Amino acid sequence: MTLTIEAIGYDGATALAEMASLFFDRPRQRTDGRIQIPYGENVRIESLISDGASSDLVVATTKFKEDAHDKTRWVARDSIALDIPRDEWRREAKRQLYVILSRETGISFPWGALTGVRPTQIACQEIERATWNNQGLQSEWYGKVFDRMTHYWKLSEQKTKLVIETALAEQRILASLAYPKTNGAVDDGCDNLIIQGTGVVYPYVVYVGLPFCPSRCAYCSFIARDAGRYAELLEPYVDAVIREARMTFSRGFKGEVAAVYFGGGTPTSLPAPLFERYLSGVLKSIPLMSDAELTMEAGRPDTIDEEKLSIIRDKKFDRLCINPQTMRDETLRMIGRAHTVEETLRAFELARAMGFRDINMDLIAGLPGEGATELLESIVRIAKLAPESITLHTLAVKRGSALIEDGVPHVLFYPDEALIDAVEQSHDCLRTHGYAPYYLYRQRNCRSGLENTGFAREGHASIYNVAMMSDAVPVIGFGSGSTSKAIRGRQASRVHNPKDLSVYISCVEEQVEKKRALFSTVK
Ligand code: SF4
């Protein structure tokens with residue numbers, strides 16, 4: 001028996017299949033566009049978009065139908081219909097499907113009908129809508145937005161509070177980055193600056209990726225290679241990135257760079273002399289603003305030593321990321337991190353002793369063998385170290401990782417109340433220790449449909465993290481697998497560097513030309 005989902009009168013099967021995949025394992029999309037899912041009875045969902053009362057409105061309707069007793073016709077079991085602006089039909093069709101499937105299955109996700117990577121963008125749109133032409137009545141907008149997020153988008157109350165608070169923090173950071181400062185931003189009367197999205201120009205941010213690590217984490221689905229096994233590739237790779245940076249910023253490049261993030265992989269897995277050449281070679285080409293933020297992802301504590309920290313400090317990096325992921329040795333062994341809790345503590349103390357005053361530490365919720373108690377123990381231990389920022393990720397269960405080979409039971413993606421509660425408790429604990437959320441994003445296949453949230457103490461939010469997630473700030477990516485992004489109005493266009501190392505190394509010139517073409521259309 002089958003549940004069939006059909007988009008009638010519009011081309012929306014892919015969007016509906018994406019929403020259906022929250023509830024069901026790999027919905028099958030047939031060549032005629034219908035989506036079919038094995039089910040306990042024969043039922044169908046019809047999603048229709050039809051003309052509305054005026055040319056800028058449409059009616060979105062979703063009907064859940066079951067077989068009549070005599071099996072001669074379909075009868076409605078549930079339905080939703082709404083007039084909406086024409087340009088919102090796709091997301092409304094997905095939202096209605098979420099509501100119908102949630103009512104049918106009894107499953108509700110913490111982020112409700114939001115499936116995108118950046119839920120704060122939806123929150124910003126709702127804030128803009130609530131404050132539009134109404135700037136004197138700010139005491140009212142929060143309630144309106146809260147209502148929309150919980151009742152219309154079906155977010156849990158906790159996620160609603162989190163997304164509004166984080167959206168406002170992101171907007172404040174973006175406003176501080178815009179040129180001229182605050183040009184195009186509107187004072188909403190409650191000390192929050194809401195960027196209106198047009199008439200605002202931002203400097204660039206730069207990502208420099210090194211896809212090598214000292215070992216492979218069991219949950220990794222990234223292209224990272226073992227730095228020891230592929231040692232002969234390190235030097236050609238570093239040379240290629242240096243060349244890519246030099247060529248990109250030569251020949252009349254206009255603009256400045258407000259933040260640079262050296263990530264990976266693990267950049268600090270390079271041997272010290274090559275690491276020094278890598279940083280010098282790339283940084284000397286970048287037209288940095290005088291107060292540019294420089295971040296080094298020294299993710300694996302076992303790659304950090306005095307020599308590399310000296311190099312990082314000499315290059316004037318102000319942010320350093322040291323990522324314990326958990327403070328349990330047993331879990332670290334299980335997930336293939338070749339370091340111990342002791343090494344994390346040592347790396348942190350060494351960095352502090354060498355003068356690093358802006359350290360971020362990452363933790364992951366939902367690791368194998370860990371429940372609320374273990375997660376909270378890690379949070380408390382890290383919070384006691386008092387790094388300036390802590391990012392709490394949720395384990396993404398991805399095919400291609402060693403932890404999850406084939407056949408991931410779909411139930412692993414369903415909401416797990418214990419995990420959701422553990423993450424909420426962790427957020428509360430971080431707030432108690434003086435951290436506030438400032439950016440968040442979601443990934444596909446995160447356990448329980450949860451999110452990754454960056455928390456920081458006052459004045460320590462990462463500009464890069466907010467900028468690159470924003471779809472407002474242009475991003476230049478260097479290295480294999482990196483992405484460059486140009487912004488036109490509210491639209492982002494992207495080009496991607498090849499993921500394959502040899503292909504990347506051999507076609508740097510081509511990548512530079514693609515970047516030039518991308519940015520020449522908007523600058
Ligand atoms: S440190 Fe990151 S990139 Fe490297 S293996 Fe682990 S998850 Fe993958």
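The values are calculated or read from the model by the stated rules, or taken from the named source; none is laboratory data. It should be emphasised that the depicted structure is a prediction, and the values quoted were computed from it without experimental measurement. So basically every Cβ, Gly included, is an ideal-geometry build from the backbone, and we count neighbours across all protein chains shown.
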Requested in this report: For region 103-110, indicate whether the set of residues that are of a type in the set (A, V, I, L, M, F, W, C), within 28 Å of the chain's Cα centre (by Cα) and surrounded by 16 or more Cβ atoms within 10 Å (Cβ to Cβ) is non-empty.
Outcome: yes
Requested in this report: At least 1 residues that are among the hydroxyl-bearing types (Ser, Thr, Tyr) in each: list the strands (runs of 3 or more DSSP E) lying fully within region 1-54 that qualify.
Outcome: 2-8, 43-51
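Okay, residues lined up against (1) at pLDDT 95 or above; (2) in contact with a strand residue (DSSP E or B) (Cβ under 8 Å, 6 or more places away or on another chain):
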| site | (1), (2) |
| --- | --- |
| GLU6 | yes, yes |
| ALA13 | no, yes |
| GLU18 | no, no |
| LEU22 | no, no |
| PRO27 | no, yes |
| ILE35 | yes, yes |
| GLU41 | no, yes |
| GLU46 | yes, yes |
Report summary line: Selection over region 66-89 where residues are surrounded by fewer than 17 Cβ atoms within 10 Å (Cβ to Cβ) and more than 18 Å from LEU3 (Cβ to Cβ) yields a count of 10
Query raised in the report: Is it the case that GLU126 is touching a Phe, Trp or Tyr at 6+ places or on another chain (Cβ under 7 Å), part of a helix (DSSP H, G or I), more than 21 Å from TYR435 (Cα to Cα) and not basic (Lys, Arg)?
Result: no
Requested in this report: Scan region 301-314 and give yes if some residue there is in contact (Cβ under 8 Å) with a residue 60 or more places away in the chain, more than 24 Å from PRO211 (Cβ to Cβ) and within 16 Å of the ligand (Cβ to nearest atom), otherwise no.
Outcome: no
Query raised in the report: Which ones in region 232-252 are in contact with a strand residue (DSSP E or B) (Cβ under 6 Å, 6 or more places away or on another chain) and farther than 13 Å from PRO211 by Cα?
Result: GLU244, ALA245
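Answer yes or no as to whether ARG516 is at pLDDT below 95, under 26 Å from TYR237 (Cβ atoms) and either assigned by TED's automatic domain parsing to the domain that holds LEU162 or surrounded by fewer than 23 Cβ atoms within 10 Å (Cβ to Cβ) (or both).
Answer is yes for this residue.
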**Report entry** Test: PRO267 is under 23 Å from SER480 (Cα atoms), in the same structural domain as LYS398 (by TED's automatic domain parsing), under 24 Å from the mean Cα position of the chain (by Cα) and within 16 Å of the ligand (Cβ to nearest atom)
**Finding:** yes
Query raised in the report: Mind checking which pairs have a first residue in region 215-235 that is within 7 Å of the ligand (Cβ to nearest atom) and a second that is among the basic types (Lys, Arg) and at pLDDT below 85, Cβ under 8 Å, 6 or more apart or different chains?
Result: TYR219/LYS398
Query raised in the report: Restricting the search to region 253-265, which residues are under 11 Å from VAL208 (Cα atoms) and of a type outside the set (A, V, I, L, M)?
Result: TYR261, PHE262, GLY263, GLY264, GLY265
Query - Condition broken by ASP87, with the remaining ones in (1) closer than 30 Å to ALA396 by Cβ; (2) part of a helix (DSSP H, G or I); (3) out of contact with any Phe, Trp or Tyr (no Cβ under 9 Å at 6 or more places or on another chain); (4) not hydrophobic (A, V, I, L, M, F, W, C) satisfied - result: (1)
